[in-house]
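*Asks:* Dropping the structure in here first, questions after.
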Amino acid sequence: MKKPYISVVIPVYNEQECLETLYQRLTSSLDKLEKDYEVILVNDGSQDNSTAILDELHARRPERIRVIHLNGNFGQHMAIMAGFENVRGEIVITLDADLQNPPEEIYKLVDKMDQGHDVVGGYRMNRKDSAWRLFVSKAHNKLRERIAPQLKMKDEGCMLRAYRRNIVDLMVSCNEASTFIPALAMSYAANPAEVGVAHEARELGTSSYNFFKLIRYNFDLVTNFSLVPLQFISFIGITISIASLFFVVYLFMRRIIIGPEAQGVFTLFAIQFFLIGIILLALGIIGEYIGRIYQQVRERPRYVIREIKQQNNSSQHQTSTSVMQQKEKEYVS
Ligand code: UDP
Ligand code: MG
């Protein structure tokens, strides 16, 4: 089968309202590029009508639209990974299904890639999101700049990005149980670039990120790409130890010079609560790392593919590991 030049990978989770418009706008902007392309829509265990709509989109243009149905909800980045594992193109583009990343902007990424870059990140100009999302995102970007300065990007939350195939294959081979794709790509990019892209408000459907999911997502980025939080805990520990050494010397002198002290219970409580708070925080941060190590060492499949709808081979059942084995076989034969 002839390999396409561009593969577009889109994670889909309960997006029944968006899919038709997405299909129309995406295919018409890709057709305009006059390059061979494929679109891989990864259904991340949608419970709404998305599953049926996706199958219908595949049936409409089977030579262009491939659909991967996952066997449950594995999260946005794992859904994209499942797509990555199956791409055929030389340039791989990711975007969101909800049309917050306008498909009409894809040409900008392709132009940049054609100039020889291996990773092209989009950054959102005039972001249209709720005030608290903008706040979280800004804080997130600032924090990331501090704790993972090796990741040079303006806007890691923008999913409209392009990667050359070798970078995508590297990301797949990492086999990470939790990850953050834009950052992972940056760790391997030799010649990255950025372009400003338009951003639209979500007009159809609802964001599937609530407050807690956003926090987890932020921890994924931090723990996967930086040890700074752990070093920060050690730093606080050392500082407090040194301070308390001085405090002990002071109390000892006071005991000798002024005599025993009976009052000051509330001061003691305040100091205790402060220290207990720090200990719990430290345990929590360590726990975030250990939990991810635990996930990783169990080596369970990161996601399970229930079915792939594509031309010539319209239905398969496999897990992510069996896909790898099958690929190995393909290379051997
Ligand atoms: N998504 C997914 N699995 C999930 C959550 C989201 O595949 O568990 C997809 C979703 O369909 C969309 C993209 O990830 O294409 C971004 O999600 P959303 O628009 O809800 O996030 P936001 O734009 O609010 O960050
Ligand atoms: Mg969105």
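*Asks:* Can you tell me which condition Y107 does not meet? The list is (1) farther than 30 Å from E194 by Cβ; (2) in contact (Cβ under 8 Å) with a residue 12 or more places away in the chain; (3) away from ligand 2 (no atom under 16 Å from the Cβ); (4) surrounded by fewer than 23 Cβ atoms within 10 Å (Cβ to Cβ), and all the others hold.
*Replies:* Y107 satisfies every listed condition except (1).
*Asks:* Could you please let me know if S226 is within 16 Å of ligand 1 (Cβ to nearest atom) and touching a residue at least 60 places away in the same chain (Cβ under 8 Å)?
*Replies:* Answer is no for this residue.
*Asks:* If you check A198, A243, which single one turns out to be aliphatic (A, V, I, L, M) and within 16 Å of ligand 1 (Cβ to nearest atom)?
*Replies:* Of the residues listed, the single one that is aliphatic (A, V, I, L, M) and within 16 Å of ligand 1 (Cβ to nearest atom) is A198.
*Asks:* Do we have G237 as in contact with a Cys (Cβ under 7 Å, 6 or more places away or on another chain) and touching a residue at least 24 places away in the same chain (Cβ under 8 Å) here?
*Replies:* No: the conditions fail for G237.
*Asks:* Does E20 meet the test of being surrounded by 14 or more Cβ atoms within 10 Å (Cβ to Cβ) and either within 16 Å of ligand 1 (Cβ to nearest atom) or farther than 18 Å from L204 by Cβ (or both)?
*Replies:* Here the answer is no, as E20 does not meet what is asked.
*Asks:* Could you grab me the full set of residues in the range 49-81 that are touching a Leu at 6+ places or on another chain (Cβ under 6 Å) and not in a strand (DSSP E or B)?
*Replies:* I53, L54 - these are the residues of the range 49-81 that are touching a Leu at 6+ places or on another chain (Cβ under 6 Å) and not in a strand (DSSP E or B).
*Asks:* Right, another one. For the range 25-40, enumerate the residues that are part of a helix (DSSP H, G or I) and out of contact with any helix residue (DSSP H, G or I) (no Cβ under 9 Å at 6 or more places or on another chain).
*Replies:* D31
*Asks:* Given the options N49, N43, name the one that is away from ligand 2 (no atom under 16 Å from the Cβ) and touching a His at 6+ places or on another chain (Cβ under 6 Å).
*Replies:* Unique residue meeting the criteria: N43.
*Asks:* What's the number of the condition A59 fails, among (1) at pLDDT 95 or above; (2) within 13 Å of ligand 1 (Cβ to nearest atom)?
*Replies:* All conditions are met except number (2).
*Asks:* Could you identify the single residue in S130, S137, S178 that is of a type in the set (S, T, Y), more than 18 Å from the chain's Cα centre (by Cα) and farther than 17 Å from V92 by Cβ?
*Replies:* Result: S130 is the single residue among S130, S137, S178 that is of a type in the set (S, T, Y), more than 18 Å from the chain's Cα centre (by Cα) and farther than 17 Å from V92 by Cβ.
*Asks:* Next up: Would you check which residues across the range 63-80 are under 17 Å from K309 (Cα atoms) and either crowded, with 22+ Cβ neighbours inside 10 Å or out of contact with any Gly (no Cβ under 8 Å at 6 or more places or on another chain) (or both) and list them?
*Replies:* The answer is E63, R64, I65, R66, V67, I68, H69, L70, A79, I80.
*Asks:* Any idea which residue in the range 87-97 is nearest to ligand 2 (Cβ to nearest atom), counting only those that are of a type outside the set (G, A, S), in a loop (DSSP other than H, G, I, E, B) and within 16 Å of the chain's Cα centre (by Cα)?
*Replies:* Top of the filtered list is D96.
*Asks:* Could you tell me which numbered condition L57 fails, if it satisfies all but one of (1) of a type outside the set (S, T, N, Q); (2) within 24 Å of Y209 (Cα to Cα); (3) in contact with a strand residue (DSSP E or B) (Cβ under 6 Å, 6 or more places away or on another chain)?
*Replies:* (2)
*Asks:* For the condition within 14 Å of ligand 1 (Cβ to nearest atom) and of a type in the set (A, V, I, L, M, F, W, C), what is the one hit in I215, I147?
*Replies:* Only one candidate qualifies: I215.
*Asks:* Whether any residue in the range 41-61 is touching a helix residue (DSSP H, G or I) at 6+ places or on another chain (Cβ under 6 Å), touching a residue at least 40 places away in the same chain (Cβ under 8 Å) and surrounded by 18 or more Cβ atoms within 10 Å (Cβ to Cβ) is what I want to check.
*Replies:* For the range 41-61, residues touching a helix residue (DSSP H, G or I) at 6+ places or on another chain (Cβ under 6 Å), touching a residue at least 40 places away in the same chain (Cβ under 8 Å) and surrounded by 18 or more Cβ atoms within 10 Å (Cβ to Cβ): present.
*Asks:* Within the range 79-86, is even one residue within 16 Å of ligand 2 (Cβ to nearest atom) and within 30 Å of A190 (Cβ to Cβ)?
*Replies:* yes
The values are calculated or read from the model by the stated rules, or taken from the named source; none is laboratory data. Nothing here was measured: the structure is a model prediction, and the numbers come from that model. Cβ atoms come from the backbone with ideal geometry, glycine included; neighbour counts cover every protein chain shown.
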